[in-house]
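Below is one structure, written out as structure tokens; comments come after it.
Please treat every number below as a calculation from the coordinates, not as lab data. This one's a predicted model, so the numbers in the text were calculated from it and none came from an experiment. In this analysis, Cβ positions are derived from the backbone assuming ideal geometry, glycine residues included, and neighbour counts consider all displayed protein chains.
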Amino acid sequence: DSGVTQTPKHLITATGQRVTLRCSPRSGDLSVYWYQQSLDQGLQFLIQYYNGEERAKGNILERFSAQQFPDLHSELNLSSLELGDSALYFCASSELAGGGETQYFGPGTRLLVL
Amino acid sequence: GQNIDQPTEMTATEGAIVQINCTYQTSGFNGLFWYQQHAGEAPTFLSYNVLDGLEEKGRFSSFLSRSKGYSYLLLKELQMKDSASYLCAVRDASGDSNYQLIWGAGTKLIIKP
């Protein structure tokens, strides 16, 4: 158990809908990262937040947005969902701002768009 | 440009030794990570190398050569539970990277009895 929690574990929804994924980092960690992993694909970095502020952006679509709240939990919002958005979404956390610190991953949210 | 190469898939026998290679090209380098990921599960941290040489941790060892842009993960006394994907990730220290990790596509390791 990494100490990073994600909810929900599974999500099934329809095209065009909007969903919110939630992540709580390890105690004491200030950075949160979001990743997308499609079936049998590598990890795609989406976005990083550090202490409430956006720190780095990866290949995140305009339909996706995220935020980190004062209690350091983070939410990833996915809107106008398409079939291709079906994937595992991982959240990871690290202690400080450097994106290259050891990241600890949550169990993921499996999203299925029908 | 930034690029990380790993073999897509490898097969090894229970009890044997396997070496998973990773080559990288980045504008700036500040460390290399190896993670293990079982199918459908979260990646878990295995090792971190920032200086040349071998880091040993139980049955797993990781090697780095910065001049060659090369790393390998060595797994000894293979067990069935080692069947997983192994991800190589490089810390990018160039430009506006904010020291982000650049991830390889992963090597799927299949262990046979």
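Which of B:Gly15, B:Gly28, B:Gly58 ends up with the largest GNM mean-square fluctuation for chain B, with Cα atoms connected below 10 Å?
Sorting by GNM fluctuation, first place goes to B:Gly58.
With +1 on each Lys and Arg Cβ and -1 on each Asp and Glu Cβ, and nothing else charged, work out how big the dipole of chain B is about its Cα centre, in Debye to the nearest 20.
Value, rounded to 20: 140 debye.
Any idea what log10 I(q)/I(0) is at q = 0.15, 0.32 Å⁻¹ for region B:1-50, Debye with uniform C-alpha scatterers and no solvent?
Log10 of I(q)/I(0), two decimals: -0.57, -1.25.
If you look at just the Cα atoms of chain A, how large are its Rg and its Dmax in Å?
13.1, 38
From Cα pairs below 8 angstrom and at least 6 apart in sequence, can you work out the relative contact order of chain A, rounded to a whole percent?
37 percent
Ratio to report: Rg/Rh of the protein assembly as shown, with Cα atoms as the point set and Rh obtained by the Kirkwood method; give two decimals.
Here the Rg-to-Rh quotient is 0.97.
Give the distance, in whole Å, between the Cα centre of region B:22-61 and the Cα centre of region A:44-100.
Region B:22-61 and region A:44-100 have Cα centres separated by 23 Å.
Taking Cα pairs under 8 Å and at least six residues apart, what relative contact order does chain B come out at, in percent?
About 37 percent, as a whole number.
Based only on other Cβ atoms within 10 Å, what is the fewest-to-most ordering of B:Phe60, A:Phe69, A:Phe45?
A:Phe69, B:Phe60, A:Phe45
Please arrange B:His38, A:His10 by how many other C-beta atoms lie within 10 Å of their C-beta, fewest to most.
A:His10, B:His38
So which of A:Lys57/B:Lys81; B:Lys57/B:Lys108; A:Lys9/B:Lys76 end up more than 28 Å apart, counting from Cα to Cα?
As for pairs spanning more than 28 Å Cα to Cα, those are A:Lys57/B:Lys81; A:Lys9/B:Lys76.
If you place +1 on the Cβ of every Lys and Arg, -1 on the Cβ of every Asp and Glu, and leave all else neutral, what size is the dipole of chain A about its Cα centre, to the nearest 20 Debye?
Dipole about the Cα centre, nearest 20: 240 debye.
How compact is region B:12-113 by the rule of thumb for globular proteins, expressed as Cα Rg over 2.2 N^0.38 Å?
For region B:12-113, the normalised Cα radius of gyration comes out at 1.08.
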